[in-house]
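Read the figures in this text as sums done on the coordinates, not as results from a lab. The structure displayed is predicted, hence computed values, not measured ones. Glycine also receives a Cβ, built like all others from the backbone with ideal geometry; neighbour counts cover every protein chain displayed.
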Amino acid sequence: MSKPLHDAFLNELRDSYDAEKQLVKALPKLAKAASADGLREAFEAHLAETRDQVTRLEQVFASLDEKVRGKHCDGIAGIIEEGSSIMEEDFDESTMDACLIAAGQRAEHYEIAAYGSLVAWAKSLGHDEAAELLEQTLEEEKAADDKLSALAEGGINDRAANGQIDDAQLNGYDAKPGGRKKPSTTRRAPARGKRR
């Protein structure tokens, strides 16, 4: 016998509960890796929100007379793993910040999709209290995503794109001590009438 939407709703709730618990552990690492003050503060503020979201999900379970329990969220685990591997890269500070924003937004977009479905299902199932609680979280996730976009577009991406080029690199030398002049990468056009 096939399972009803209510069962799918509970599965998604448990998945989201686990995802939030995983993010409570991951967000401090993103904050620590960030060099831009605004980005670090955004991750720290969202950590506080995420803790509230865990509590809110517990309220949703209570409103449904269901036991609070999570179901391992493979999706967010993969996103967190990608974020961890980014932090191991040897990027300059601005590029790392741009990458951290991308990692944060992957998580936000995943959560926006999950909470969007949960809100819609809660409304269809007549779980009004649950829908209201989940809607609060959905709006927080959207706001967090908007904040990360604003930080990226407010200078972090431009700084990363322009790079932190030092005088040695500008003059064509390797940045390492005792660096040699880099060979020219410009090609000469072949003389007319001759084949390469």
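Observations
- Paramagnetic reach from S117 in the stretch 5-21 [backbone N under 17 Å; point 7 Å along Cα→Cβ]: 5-20
- Spin-label model, K3/E81: points 7 Å from Cα along the beta carbon direction are separated by 2.3 nm.
- Spatial separation of Cα centroids for the stretch 1-54 and the stretch 67-89, in angstrom: 10 Å
- N162-K67 FRET efficiency (beta carbon distance; Förster radius 45 Å; 0.05 resolution): 0.30
- Positive-end ranking of M96, A77, Y110 along the dipole of the stretch 5-162, with charges on Cβ about the Cα centre, is headed by A77.
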